[in-house]
Amino acid sequence: MKFSALDLAEPLERAINDCGYKKLTPVQEKTLSKARRGQDLLVHAQTGTGKTAAFALPILQQMLDVPKETLSASPRALILTPTRELCEQLANAFSRYAQFTHLKVTALFGGVKLGGQTSKLKMGTDILIATPGRLLEHMALNSVTLANAEFVVLDEADRMLDMGFITDVNNIIKHTAEKRQTLMYSATSSPAVNEFCHKILNNHQEIRVSEINTTAETVNHVMYPVEESRKIDLFKKLLDEQNWFQVLVFTSTKEQADRLLGALKQHKIDAAVCHSDKSQGSRRRALADFKSAKLQVLIATEVAARGLDIQGLDYVVNYNLPYLPEDYVHRIGRTGRAGNKGNAISFVSREEERTINRIETLIGTSIQRVVKKGFEVSDRQSLLKSISSNRRPSKTNKASSTRITGNKIRKKKKS
Ligand code: AMP
């Protein structure tokens, strides 16, 4: 479907042209008209599917349909999102979609001083995009009121729940206009998300844009079995051999991220880290340098990288597997976006084997296992072979198979 069929206001059509969008993406096709009619929605859509425009355009359209004066520190639309990066990204997208209207967008997120944000709020705000913690700080200081917030979006609601924002979000919602439209977006589906949405949405419709909890079909999934201690070497080897340009690497901890950065720098590889110990300025710089292709590798922890829209990313590497299989879906949402091909590469140590099985169950596809010569994991291959039924174990694998099933022997070998 073409955007012209939607009959949007001229300033919005102009902005869509300016963005170069020709046709609606599936999430836009399924939700845009419903949202425009004021319907509450729970939308299950992956990251990178064009969901920002799917909620921004109908909200902007409704705001233009019933024009109201821009007020100081009292927005008509509130978009809550879990991380600073996502908040900035949404604000940029909203500002682009609203660029030919009179509507003003303000972003509130932590890590920067409150004062500048307060002044911006005072100067007039129609659309407020905020992380829950920083918004509550401003609310406590009376620098913003939500009494006129008649459009509310909960972006990445599943992640907000995972990050423990449920009480904060509930407290914020209580202060919004009683008669409001609420749109909730969640990449994954869970009983917690359902319960939350029943509390917050009113007579809502649930829309699934793709298979539940799956990843984009354009993503090629590969895993390398490797000892934890050899992951850095394997990463450097693959980076060299396979000419990966622009890789986003996820680690589980800040320490792992810093260690990997040190190792890459020793090898004169342009890389940076993005994690919560880094200042907002340094995170923003790292992201900007990565986006402008000054950096080959961006290393990030889960929370810091949440929702990053990095265009045309070919490779996402899971240096460690995420603890929750759902987070695999979030992580690799950075590749294979908007129809492009992408590669999700996971390094899997023995300890992470169970997780990879749970991930495969969740995404409903088996992940291709590649054993890299020189990085074989002793004891491990036989286990992998027994998982993948279509390969016969070799002699060495038979021997190791005996070892891997005997816990005692394995422990003895380790000590
Ligand atoms: P989002 O899921 O909102 O983060 O969007 C992912 C990417 O898709 C962003 O770079 C958008 O600019 C882009 N995008 C959104 N809608 C469209 C569209 N209809 N056609 C082409 N690209 C789009």
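The values are calculated or read from the model by the stated rules, or taken from the named source; none is laboratory data. Since the structure is predicted, the reported quantities are computational estimates derived from the model, not experimental observations. Neighbour counts are summed over all protein chains in view; Cβ atoms, including those assigned to glycine, are modelled from backbone coordinates with ideal geometry. We work out accessible area using only protein heavy atoms, side chains counted, and drop any ligands, DNA or RNA first. Shrake-Rupley method; radii C 1.70, N 1.55, O 1.52, S 1.80 Å.
Details
- Answer residue from segment 93-106, given it is of a type in the set (S, T, N, Q) and outside any loop (DSSP other than H, G, I, E, B) and is farthest from the ligand (Cβ to nearest atom) among those: T106
- Contact map, segment 18-36: residues that are closer than 15 Å to R208 by Cβ paired with residues that are modelled with pLDDT under 90 and within 6 Å of the ligand (Cβ to nearest atom), Cβ distance under 6 Å, separation 6+ or inter-chain. Pairs shown: T25/T49; T25/G50; V27/T49; V27/G50; Q28/G50.
- Within segment 247-275, considering residues that are surrounded by 14 or more Cβ atoms within 10 Å (Cβ to Cβ) and over 13 Å from V297 (Cα atoms), the one farthest from the chain's Cα centre (by Cα): R259
- Test: residue in segment 1-15 that is within 24 Å of N92 (Cβ to Cβ), touching a Lys or Arg at 6+ places or on another chain (Cβ under 7 Å) and not small (G, A, S): no
- Breaking point among (1) touching a helix residue (DSSP H, G or I) at 6+ places or on another chain (Cβ under 9 Å); (2) open to solvent by 70 Å² or more (accessible area, probe 1.4 Å), for A300: (2)
- Candidate set from segment 309-328 (those that are touching a Leu at 6+ places or on another chain (Cβ under 7 Å) and within 16 Å of the ligand (Cβ to nearest atom)); member that is modelled with the highest pLDDT: V316
- Only one of the numbered conditions (1) more than 21 Å from Q205 (Cβ to Cβ); (2) among the aromatic types (F, W, Y); (3) under 22 Å from the mean Cα position of the chain (by Cα) is violated by F55, and that is (1).
Listed here are the residues, each with its yes/no results for (1) more than 15 Å from the ligand (Cβ to nearest atom); (2) in a helix (DSSP H, G or I); (3) touching a Ser or Thr at 6+ places or on another chain (Cβ under 6 Å).
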| residue | (1), (2), (3) |
| --- | --- |
| L8 | no, no, no |
| E13 | no, yes, no |
| K30 | no, yes, no |
| L71 | yes, no, no |
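- Single condition A140 does not satisfy, out of (1) of a type in the set (G, A, S); (2) in contact (Cβ under 8 Å) with a residue 12 or more places away in the chain; (3) closer than 27 Å to D126 by Cβ: (2)
- Some residue of segment 80-92 being assigned to a helix (DSSP H, G or I), within 13 Å of the ligand (Cβ to nearest atom) and charged (D, E, K, R): yes
- Selection of segment 164-179 for residues being open to solvent by less than 60 Å² (accessible area, probe 1.4 Å) and either in contact with a Gly (Cβ under 6 Å, 6 or more places away or on another chain) or in contact (Cβ under 8 Å) with a residue 24 or more places away in the chain (or both) yields F165, D168, V169, N170, N171, I172, I173, T176, A177.
- Against the criterion of being near the ligand (Cβ under 10 Å from one of its atoms) and open to solvent by 10 Å² or more (accessible area, probe 1.4 Å), K22 qualifies.
- Residue that is nearest to the ligand (Cβ to nearest atom), among those in segment 38-52 that are part of a loop (DSSP other than H, G, I, E, B) and at pLDDT below 95: G50
- Qualifying residue in segment 53-61 (condition: hydrophobic (A, V, I, L, M, F, W, C), closer than 23 Å to H175 by Cα and within 13 Å of the ligand (Cβ to nearest atom)): yes
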